[in-house]
Amino acid sequence: MKEEVVDWFHSCNKKEAFFWVQFILFFLSNINTHGENVIKASILAMYVLGLLYMVYKNPDFKRPPTYLIVIFGLYLILNAIFIKSFSVHIIYCVITFIMIRGLRFNNKELLSIINKSAIVYLILSVLLSYTPLRVLSIYDTRLVVNRFFPDLLYRFIGVEGSPAGPDIFYVLVLISNIVINKKRNKYFYITMSLLMLVWTSSLAPILSIVGALIILPFSKSKISKTVYSVLLWLYEFIVIFIYSYGSGTIRNLLNTASTLRARIWYNMYYSLIGHSTFLQWIFGRKGLVNFEHSPHYNINNPHNYSLFLIQFGGIIAFIIIVVIATIYFKNIRNKYKLFIVSAILIYASTNTFILSIRGNPIFIFVLVTYLASGDEPEKDFIGNYK
């Protein structure tokens with residue numbers, strides 16, 4: 001059966017309050033009154049303290065296997081010795097998985113957070129982008145022509161100063177309410193989401209939806225889900241290989257199909273080769289490598305979460321993350337959750353920040369909660385037990 005969504009305030013609890021603290025910090029990281037490093041330190045401190053609280057206060061909390069703790073601890077020590085640093089992004093990736101998995105949100109609680117944050121996010125975005133309060137935003141004003149109505153309006157700019165982020169967020173809101181919500185207010189959230197998707201007019205969410213649908217016919221096969229998961233994390237390297245040895249026609253085709261992501265990944269990868277030592281490949285770098293985006297214009301955004309992780313964590317951390325994520329992914333039996341996780345990971349392959357410490361926390365909360373739900377009874381895509 002579908003889940004009933006509870007009221008705004010009656011549903012609020014310690015677990016949800018934890019989310020809202022990070023959401024506030026996420027918002028503060030996008031305005032010009034707070035330092036980015038302070039925000040990162042605050043988020044990490046929040047998770048460390050939360051994790052310590054759960055270890056000592058929650059008798060049902062399951063800590064990771066000892067061998068994983070040893071491997072990660074050894075990695076941090078070697079990273080500090082050889083790189084003389086530690087990666088905030090890798091620590092965030094690991095500690096959020098442990099903490100959010102332990103919080104054990106159910107469908108009702110998570111949908112409540114999704115719907116509330118959809119409204120709060122919209123209000124904050126409008127204030128930051130379309131009112132005099134836009135002077136608080138750390139981003140310049142952007143007027144991007146809407147793909148669907150080019151003569152009527154510009155694309156919606158979210159808290160992050162871009163259509164990228166809000167587009168996949170409102171896909172999440174849309175599908176979650178269609179599948180889970182059984183109250184009448186679902187029509188409000190569905191309508192709002194559709195309007196927001198038209199306003200953002202992005203193509204990436206469409207590609208994410210199509211790509212996520214591919215795995216659904218094979219949801220009972222762990223082998224298929226394992227291969228699919230590995231491809232989600234590694235397919236950009238296949239694209240880079242083809243781009244390296246392909247003809248001009250093939251390169252143009254890849255650029256068109258990926259909205260120029262193929263060229264970005266190619267340029268970033270070879271710049272990484274030219275500017276990284278052997279130890280940096282193994283343990284990670286202190287910062288992202290710069291590469292040519294266009295003549296006389298360099299950037300350091302790889303537009304891909306896997307390439308982002310491999311730079312900060314090196315091959316060791318990247319392999320550990322991919323293996324663990326794939327183990328959890330292959331055990332997901334709920335088709336809806338399998339679809340949502342796939343869509344988020346596909347989108348993250350074109351967007352560096354939605355799963356990072358700088359991103360909207362709704363994505364990491366949903367991703368971890370659904371990845372950790374593999375032992376739930378199997379349901380069909382509209383939420384009914386089979």
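The values are calculated or read from the model by the stated rules, or taken from the named source; none is laboratory data. For clarity, every value in this text was computed on a predicted model and none was experimentally measured. Please note: Cβ atoms are built from the backbone with ideal geometry, for glycine as well, and neighbour counts cover all protein chains shown. Note: accessible area is taken over every heavy atom of the protein model, side chains too, but ligands, DNA and RNA are not part of it. Shrake-Rupley method; radii C 1.70, N 1.55, O 1.52, S 1.80 Å.
Binning all Cα-Cα separations of the stretch 240-305 at 10 Å, short to long from zero, yields these whole-percent fractions: 20, 48, 27, 5.
Apolar share of the accessible surface for the stretch 124-232: 71 percent from carbon plus sulfur atoms, 1.4 Å probe. Relative contact order, whole percent, for the stretch 22-145 stands at 31, derived from Cα pairs under 8 Å and 6 or more residues apart. Other residues whose C-beta falls under 12 angstrom from the C-beta of Trp199 contribute a net charge of +1, scoring Lys and Arg +1 and Asp and Glu -1. Averaged over residues, the count of other Cβ atoms within 10 Å places the peptides 123-136, 53-66, 99-112 in the sequence 99-112, 123-136, 53-66, highest first. On a per residue basis, the convex hull of the C-alpha atoms belonging to the stretch 185-290 measures out at 198 Å³.
Quotient of the Cα radius of gyration of the stretch 161-242 and 2.2 N^0.38 Å, N being its number of residues: 1.34. From the coordinates of this entry, P(r) over Cα pairs in 20 Å bins from 0, in percent is computed, and it appears in (1) 26, 62, 12, 0; (2) 27, 53, 19, 1; (3) 25, 59, 15, 0 under the label (1). Span-like helix criteria (full DSSP H runs; alpha carbon extent of at least 27 Å along the helix axis; mean Kyte-Doolittle hydropathy of at least 1.0) are satisfied in the chain by 36-57, 107-130, 222-245.
Take the chain with all the other protein chains still there, run a 1.4 Å probe, and you get 48 Å² of accessible area per residue. The mean sequence separation of alpha-carbon pairs under 8 Å and at least six residues apart, normalised by the residue count of the stretch 78-222, gives a relative contact order of 19 percent.
For the stretch 257-320, carbon and sulfur atoms together expose 60% of the accessible surface, with a 1.4 angstrom probe and every protein chain in place. Applying a threshold of 21 Å to the alpha-carbon distances of Lys116/Lys183; Lys14/Lys62; Lys182/Lys337; Lys57/Lys108 flags Lys57/Lys108 as lying beyond it.
Using a cutoff of 8 angstrom between alpha carbon atoms and counting only pairs six or more residues apart, the relative contact order for the chain works out to 21 percent. Could you please state, rounded to a whole Å, how far the C-alpha centre of the stretch 212-256 is from the C-alpha centre of the stretch 113-168? Each part's Cα centre sits 31 Å from the other's. Distant-in-sequence amide contacts of Asn351, defined by a placed amide H-H separation under 5 Å and a gap of 5 or more residues or a different chain, comprise Tyr305. Helix-only arithmetic for the chain: the sum of -39500 (n - 2.57) across DSSP H runs with n ≥ 4, divided by the residue total, places the mean residue ellipticity at 222 nm at -20500 deg cm²/dmol. When each of the peptides 337-344, 210-217, 147-154 is scored by the mean number of other C-beta atoms lying within 10 Å of its residues, the order from highest to lowest reads 337-344, 210-217, 147-154.
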